[in-house]
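A quick write-up on the structure given underneath.
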Amino acid sequence: MEPCEFPHIASQLAPIFARHGRDATRLLQVLREVQDAFHFIPPEAVSCIAIYLDMPRASVEGVAGFYSFLSLKPDGEYRVLFSDNITDHMLGKPELMQYFCNKLWVEPGKVSEDNLVSVDSASCTGMCDQGPAALVNGWPLTNLDNNRLDLIAELIRLRKPVADWPPMLFEVADNIRRKDVLLGEPLEPGAAIRATLARGARQTLAEVEIANLRGRGGAGFKTAAKWSFCHAALVEADGSEICDVGATLKRIMVCNADEGEPGTFKDRVLLASYADLVFEGMTVGARVVGASKGFLYLRGEYRYLLDKLEAVLARRRAQGLLGCDILGEKGFDFDIEIHLGAGAYICGEESALIESLEGKRGRPRNRPPFPVTHGYLGLPTVVDNVETFACAARIAERGGAWFAAMGTPQSTGSKLLSISGDVSRPGIYEYPFGVTVEQILRDCGGVDAHAVQVSGPSGTLVSWQEFGRRIAFEDLPTAGAFMVFHRKREMFAAAHNFTHFFAHESCGFCTPCRVGTQLQKKIMDKIAGGHGTASDLEEMKNLGHILKTMSHCGLGSSAANPVLDTLKKFPGTFERKLKALVFEPAFDLDGALETARKITGRDDEWAHL
Ligand SMILES: Cc1cc2nc3c(=O)[nH]c(=O)nc-3n(C[C@H](O)[C@H](O)[C@H](O)COP(=O)(O)O)c2cc1C
Ligand code: SF4
């Protein structure tokens with residue numbers, strides 16, 4: 001590497017650079033490793049990275065400043081991040097975090113004086129079925145209570161490396177409560193690929209179409225349509241005959257494992273225990289669209305799954321299920337690389353995800369062009385959810401008609417739900433599409449529930465009057481979150497929590513969302529503090545309209561959903577918090593016009609407001 005002016009830092013960076021090479025798309029991965037090594041990204045490291053990757057220093061700093069798991073200021077040697085989802089709150093997160101901070105003499109959001117520990121909140125860490133949860137230096141902590149926190153505080157005080165802590169602290173259970181076609185039987189590795197090769201790529205695409213598979217990431221786009229657009233997109237032939245899947249990029253297959261929607265954790269379980277099914281689905285997709293390279297975009301919060309997933313990939317390579325001439329099929333070359341995120345919900349949005357894969361800030365792109373024609377490095381790219389790939393593998397194995405026989409006409413197959421909140425049996429439930437909210441509540445022990453937040457904060461709040469509604473694209477579409485609220489819960493608290501989430505996660509690119517989410521949060525804080533009036537509710541409705549209609553991407557356009565839904569379905573929860581119920585304008589516009597009326601000598605109807 002070229003010398004940078006800080007030799008002491010350069011020597012520590014050398015092995016990181018050696019691992020990633022002089023490739024700007026690796027910037028985020030480099031920064032993650034630097035963060036691990038130094039507990040922050042020192043300014044000298046920013047300079048060295050800029051020189052090594054031949055990019056402006058400001059670009060490196062811009063990326064480092066974007067992701068919440070990266071820090072340009074020193075962090076504690078132990079960084080403890082408490083999950084801030086409403087379900088964690090309901091299980092006592094605020095009190096537990098304060099208890100922990102008191103024990104370690106540190107203020108929330110700050111670093112202890114001896115630089116030993118920092119304690120802060122993180123957006124939902126995807127362990128709502130076993131909260132309150134937290135991450136310590138990326139390792140998962142579940143079922144937190146005072147006893148566990150006493151032990152953790154002691155281990156930190158003793159400066160024991162996290163890798164040597166008792167393993168029981170890091171147990172993350174799958175909590176699968178109901179299985180159906182997806183989770184029911186293990187897949188024999190290679191079975192779906194063999195079926196695809198026997199049937200041929202064109203017929204496999206036809207099976208996905210017959211299955212009427214729709215994306216499980218939330219929007220429900222038809223998977224066969226997406227795959228065929230990508231296949232149809234032209235790629236310049238590079239004439240290479242030698243299999244080097246990294247060098248001969250054609251089309252790209254991306255598995256979206258960002259799973260940042262609060263209350264969602266089904267992708268975590270698929271990756272922890274059904275990784276073969278997911279990788280098999282990606283390989284089937286690669287055969288159909290003609291992709292040579294795949295990425296698993298794994299959210300930073302699931303980093304603890306990385307080694308296990310790498311081991312599955314290595315085994316699959318050894319089994320001839322990845323790499324060159326897969327299963328002996330000449331020219332069928334495909335491999336998968338795992339790319340870690342670093343704590344940014346927006347990176348689940350497919351074009352922001354692609355930016356992040358390219359090592360940049362996760363900023364949603366203008367569309368068109370769409371990723372299927374111009375995605376990763378300008379190549380045709382499919383981005384699909386983890387569960388979508390798992391479904392695709394099953395369809396390749398058993399056929400489209402088999403899949404289409406389940407569910408409803410517009411929502412075929414099954415859906416994984418991540419159930420949390422006020423239920424006696426939280427966890428993963430797989431149902432055929434069409435199941436009612438009422439049935440689900442009966443199964444998971446959601447007794448006396450008065451509301452369910454379906455599909456997370458950006459989804460729909462369902463009140464008890466609507467429990468007959470069905471999980472299906474034609475009624476209640478969902479990416480999988482199902483958060484249950486007992487009738488004693490004030491729904492204001494949930495809406496308040498969600499406004500904080502959106503304000504924190506807005507990427508800041510467009511003004512309606514950057515400013516709108518902050519204003520929404522501030523008004524909710526004001527109401528929570530007992531200072532709200534009816535005019536604040538009107539203001540939030542107006543803000544909601546601006547967010548919905550003027551935001552650049554789905555984050556902004558759904559950021560007002562929780563407030564608007566709660567105002568509509570649980571108005572009482574707001575009214576009980578207000579200081580004044582009557583509308584009190586902050587400014588009397590008609591009164592202000594009085595002087596003008598006197599000067600002009602008018603007092604007719606048109607001179608009043
Ligand atoms: C703010 C935002 C966050 C998103 N997060 C995710 C996510 O974590 N996982 C996911 O699969 N899709 C997410 N999506 C949807 C993706 O943009 C994309 O539609 C999806 O990955 C397509 O996969 P599918 O067709 O299999 O559903 C998100 C969308 C938005 C607007
Ligand atoms: S809507 Fe929000 S998240 Fe999306 S681009 Fe605008 S600021 Fe970023």
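Table: residues versus (1) farther than 18 Å from residue 215 by Cβ; (2) among the β-branched types (Val, Ile, Thr).
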{"residue": "352", "(1), (2)": "no, no"}
{"residue": "365", "(1), (2)": "yes, no"}
{"residue": "369", "(1), (2)": "yes, no"}
{"residue": "375", "(1), (2)": "no, no"}
{"residue": "379", "(1), (2)": "yes, no"}
{"residue": "382", "(1), (2)": "no, yes"}
{"residue": "391", "(1), (2)": "no, no"}
{"residue": "395", "(1), (2)": "no, yes"}
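On the stretch given as segment 140-164, residues that are surrounded by 15 or more Cβ atoms within 10 Å (Cβ to Cβ), within 22 Å of residue 37 (Cβ to Cβ) and in contact (Cβ under 8 Å) with a residue 12 or more places away in the chain total 3. Candidates are the residues of segment 529-555 that are outside any helix (DSSP H, G or I) and either more than 16 Å from ligand 1 (Cβ to nearest atom) or among the acidic types (Asp, Glu) (or both); the one that is surrounded by the most Cβ atoms within 10 Å (Cβ to Cβ) is 532.
This table checks each residue for (1) acidic (Asp, Glu); (2) in contact (Cβ under 8 Å) with a residue 12 or more places away in the chain; (3) closer than 21 Å to residue 505 by Cα; (4) within 16 Å of ligand 2 (Cβ to nearest atom).
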site: 540; (1), (2), (3), (4): no, yes, yes, no
site: 550; (1), (2), (3), (4): no, yes, yes, yes
site: 553; (1), (2), (3), (4): no, yes, yes, yes
site: 564; (1), (2), (3), (4): no, yes, yes, no
site: 571; (1), (2), (3), (4): no, no, no, no
site: 574; (1), (2), (3), (4): no, yes, no, no
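Restricting segment 30-44 to residues that are of a type in the set (A, V, I, L, M) and in a helix (DSSP H, G or I) leaves a set whose member that is modelled with the lowest pLDDT is 37. Residue selection: residue 427 fails the criterion of being more than 27 Å from residue 232 (Cα to Cα), touching a Pro at 6+ places or on another chain (Cβ under 6 Å) and either in contact (Cβ under 8 Å) with a residue 60 or more places away in the chain or assigned by TED's automatic domain parsing to the domain that holds residue 456 (or both).
Among the residues here, residue 490 qualifies as away from ligand 1 (no atom under 16 Å from the Cβ), within 16 Å of residue 88 (Cα to Cα) and out of contact with any strand residue (DSSP E or B) (no Cβ under 7 Å at 6 or more places or on another chain).
Note on segment 228-250: residues that are at pLDDT 95 or above and either surrounded by 24 or more Cβ atoms within 10 Å (Cβ to Cβ) or over 30 Å from residue 479 (Cβ atoms) (or both) amount to 1. Residue-level check: of (1) modelled with pLDDT of 75 or more; (2) under 25 Å from residue 547 (Cβ atoms), residue 583 misses just (1).
Among the residues of segment 272-292, those identified as in contact with a Phe, Trp or Tyr (Cβ under 7 Å, 6 or more places away or on another chain) and of a type outside the set (S, T, N, Q) are 278, 281, 282, 285, 286, 287, 288, 289, 291. In the set (1) modelled with pLDDT of 95 or more; (2) more than 16 Å from ligand 2 (Cβ to nearest atom); (3) surrounded by fewer than 24 Cβ atoms within 10 Å (Cβ to Cβ); (4) of a type outside the set (Phe, Trp, Tyr), residue 366 fails one condition alone, (2).
When segment 369-404 is filtered for residues that are surrounded by 22 or more Cβ atoms within 10 Å (Cβ to Cβ), among the polar types (S, T, N, Q) and assigned to a loop (DSSP other than H, G, I, E, B), nothing remains.
Tell me, which residue of segment 344-358 that is away from ligand 2 (no atom under 12 Å from the Cβ) and in a helix (DSSP H, G or I) is surrounded by the fewest Cβ atoms within 10 Å (Cβ to Cβ)? Step by step, filter segment 344-358, then rank; the result is 357. Filtering segment 429-436 for residues that are more than 21 Å from residue 91 (Cα to Cα) and of a type in the set (A, V, I, L, M, F, W, C) leaves a non-empty set.
The values are calculated or read from the model by the stated rules, or taken from the named source; none is laboratory data. Everything numeric in this text was worked out from a predicted model, so none of it was measured. Glycine also receives a Cβ, built like all others from the backbone with ideal geometry; neighbour counts cover every protein chain displayed.
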